[in-house]
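Below is one structure; the comments refer to it alone.
The values are calculated or read from the model by the stated rules, or taken from the named source; none is laboratory data. Keep in mind it's a predicted model, so treat the numbers as computed, not measured. Neighbour counts run over all protein chains shown; Cβ positions are idealised from the backbone, glycine included. Just so you know, the surface numbers come from the protein's heavy atoms only, side chains and all, with ligands and any DNA or RNA stripped out. Shrake-Rupley method; radii C 1.70, N 1.55, O 1.52, S 1.80 Å.
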Amino acid sequence: MKQLSRQRNAVDGLAEEFGALRVGRGKWAATIDRSWWGWSGPFGGAIVALAVRVAADAVPGASVRAVDLRFVGKPAGGEILLTSSVREVGRHTRIVDVAVTQGAAEIGVASVTAGRVGEPDDGDIVDVAELVPGPEGLAQFSIPPEVVPMGRHLDLRPVDGPLPLTGADEAWMRAWIVTRTPMALDAAYLGLLADCLPPAVFPTLTAPLAIPTVAFSMHITAPLDDPEPAPVLVHTRNISTSGGWSVDDTTLRDRGGRLLASARQSRRVVGWSAR
């Protein structure tokens, strides 16, 4: 478990991984190289993570609380540009709109909510799940890089539940995940991890098919007060697949079972495969 125990300052790990650089006021450039591609193009979770990273940079001192991103075009290889604009909502809340473009084409639009987070008190409700086995004693699951290149960047260890493409009766997966490049455990990183597992309907299939994300939303549910790289328990389940659309819900928890964030994705089912 050498990878899971690596500890170093990784505040800029995500920016460094994608070559993200500020190129102007509220403007960043980044590249999702082919090693970070998913089934058919640049990994959507990387675009989510970069949008959150750029939004957080636009409102120093505020904490990201939610993100809503819509993919309005198909990303391709090459540089992407992320441009942010900030709206004030009251004294402490900010809405950061982030446009994601590639050349002359817009490929994504994100709205990130950020604001001041107060100290916890006795009235706060803390969601803590029943503890599951930690990642250290679990076997790695390798996503074939020739099929999904970004799999090589992950240390992914299933906890329980069915595996992808096994023709199972249940549509859910749960695994500990950490990136092989150490990255700070912040909202941007959670956005990346929320999209790392295959679509939750995959365990019911026996052959892969294209199910691209159209809409992604995530809500932060706990203070992210420890930036050290750490494995996160990602649990995704399919709540509906019909009429050419598929909806997944995902939770992300720390080692103590505390809920860090919840996410939902609406996906377009481009093709279908017999179970």
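Structure data summary
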{"quantity": "DSSP-loop trypsin sites (Lys or Arg not before Pro) across the range 141-229, with at most 16 other Cβ within 10 angstrom", "calculated": "R180"}
{"quantity": "Two-site label geometry, R258 and A139: point separation in nm, points 7 Å out along Cα→Cβ", "calculated": "3.3 nm"}
{"quantity": "Cβ-Cβ FRET estimate between H219 and E146, R0 fixed at 30 Å, reported to 0.05", "calculated": "0.30"}
{"quantity": "Relative packing of peptides 185-195, 30-40 - highest average C-beta neighbours within 10 Å first", "calculated": "185-195, 30-40"}
{"quantity": "At R0 = 41 Å, FRET efficiency that the Cβ-Cβ distance of R180 and V86 yields, to 0.05", "calculated": "0.75"}
{"quantity": "Share of carbon and sulfur in the accessible heavy-atom surface of the range 127-275 [1.4 Å probe, %]", "calculated": "54 percent"}
{"quantity": "Length gained when the stretch E106-D33 is fully extended (0.36 nm per residue, less Cα-Cα span)", "calculated": "24.4 nm"}
{"quantity": "Using a Förster distance of 41 Å, the FRET efficiency for A129-R25 (Cβ separation, nearest 0.05)", "calculated": "0.45"}
